[in-house]
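A.B. asks: Take a look at this one; I'll ask things after.
All of the numbers you see were taken from the coordinates with simple rules; none came from a lab. None of these values were measured; they are calculated from a predicted model. Don't worry about glycine lacking a Cβ; one is built from the backbone with ideal geometry, like all the others, and counts go over all protein chains shown.
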Amino acid sequence: MRLGTGIIGGVKKFPAVMDAAAGNNSNGLAPSYAVPLPAGIAPGELLIMFVATQNAPSASPAGWTLLFSQLSGSGSNQASFAAWYRIADGSEGSGVTVSLIAQSLWGTVSYRIKGGRTPQAIISASSGASPNPPALSPAWGAAKTLWLAALGWRGTNNQTIGAYPSGYSGGSAGKGFNGAQTAVAGVAWKQAEAAGEDPGAFSITIGSGFYVTATIAIRPK
């Protein structure tokens, strides 16, 4: 057995979600927010945080690498969805501050993952009530991959995620709602040894809005 490699008896293991944390700032609009991180972070774990807002980020937090950042729509209902990752070194604390180009509602989700390498992602921006993440075929081909289906949503009703893509587990969502507008980040996961993945759709409980979806693949160590 080789410790710290994700290999036991010469067989790779799936990367595993160890914990998730959701956050929001429903009390009002803000240009920055301390995104909560999961408890119990261990050095060497892969951390990913997802941020759904109205306005784009102004910069990446120090020590974090941008995975994607995308806008959907325009004007007061515009949706922004961004994600960053890092390998934990034990200095992370309980949260990390993200700043935007202008104030917004926030919905956030962060994951800590054991046994995973650098993530690969594909994104899609659209509008409607059934956001469907795009298909992804990662560069490494078939492997014991951890797949994430992620959604960043903006609307004018008190919307929530009604269902996550079929076959995905552990759905976690952060929702900011101020009585007039909503920002929702939602993420769920599955483990599958496959060369590609095409998640099914999320469902939203009320009406429609602008959104960004993402499919993320994490290769085993």
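A.B. asks: Among 13-26, 172-185, how do they line up by average Cβ neighbours within 10 Å per residue, starting with the highest?
C.D. replies: Top to bottom by mean Cβ count within 10 Å: 172-185, 13-26.
A.B. asks: Would you mind checking the stretch 125-160 for residues with the amide N under 14 Å from a putative spin-label position 7 Å along Cα→C-beta of K12?
C.D. replies: Counting backbone N atoms under 14 Å from the label point, the list is 138-147.
A.B. asks: Further question: Across the Cα atoms of the chain, what radius of gyration and what greatest pairwise Cα-Cα distance (Dmax) are found, in Å?
C.D. replies: 16.6, 55
A.B. asks: Further, regarding this structure: List the relative contact order of the chain as a percent without decimals, with contacts defined as Cα pairs under 8 Å and 6+ residues apart.
C.D. replies: Dividing the mean separation by the residue count of the chain yields 28 percent.
A.B. asks: Further, regarding this structure: Full extension from D89 to S60: what is 0.36 nm times the residue separation minus their Cα-Cα distance, to one decimal in nm?
C.D. replies: Contour length minus Cα-Cα distance gives 8.7 nm.
A.B. asks: Pairs of Cα atoms under 8 Å, at least six residues apart: use those to get the relative contact order of the stretch 47-172, whole percent.
C.D. replies: In percent, rounded to a whole number, it is 31.
A.B. asks: If we sort 210-221, 51-62 on the protection proxy, mean other Cβ atoms within 10 Å, highest first, what's the order?
C.D. replies: 210-221, 51-62
A.B. asks: Considering only lysines 8 or more places apart in sequence, or on different chains, count the pairs in the chain whose C-alpha atoms sit under 23 Å apart.
C.D. replies: For the chain, the number of qualifying lysine pairs is 15.
A.B. asks: Relative contact order for the stretch 147-221 using alpha-carbon pairs under 8 Å, separation at least 6, rounded to a whole percent?
C.D. replies: 48
A.B. asks: How large is ³J(HN,Hα) for each residue in the stretch 40-50, as worked out from phi by the Karplus curve 6.51 cos²θ - 1.76 cosθ + 1.60 (θ = phi - 60°), to whole Hz, x for Gly and Pro?
C.D. replies: x, 4, 10, x, x, 6, 8, 10, 10, 10, 10
A.B. asks: Roughly how many Å is it from the Cα centre of the stretch 46-64 to that of the stretch 151-185, as a whole number?
C.D. replies: Each part's Cα centre sits 18 Å from the other's.
A.B. asks: Just to verify a number: FRET efficiency for Q78 and A192, C-beta to C-beta distance, R0 = 45 Å, to 0.05?
C.D. replies: 0.85
A.B. asks: Here is a follow-up. Quick one: net charge of I161's neighbours, Cβ under 14 Å, K/R +1, D/E -1?
C.D. replies: So the environment of I161 carries a net charge of +2.
A.B. asks: Given the options A125, A102, A149, which has the most mean-square fluctuation in a GNM of the chain, springs set between C-alpha atoms less than 10 angstrom apart?
C.D. replies: The residue with the greatest mean-square fluctuation here is A102.
A.B. asks: For the stretch 159-168, take each phi angle, set θ = phi - 60°, evaluate the Karplus expression 6.51 cos²θ - 1.76 cosθ + 1.60, and give the result in whole Hz per residue in order, putting x for glycine and proline.
C.D. replies: Karplus values, whole Hz, x for Gly and Pro: 7, 9, 7, x, 7, 8, x, 4, x, 9.
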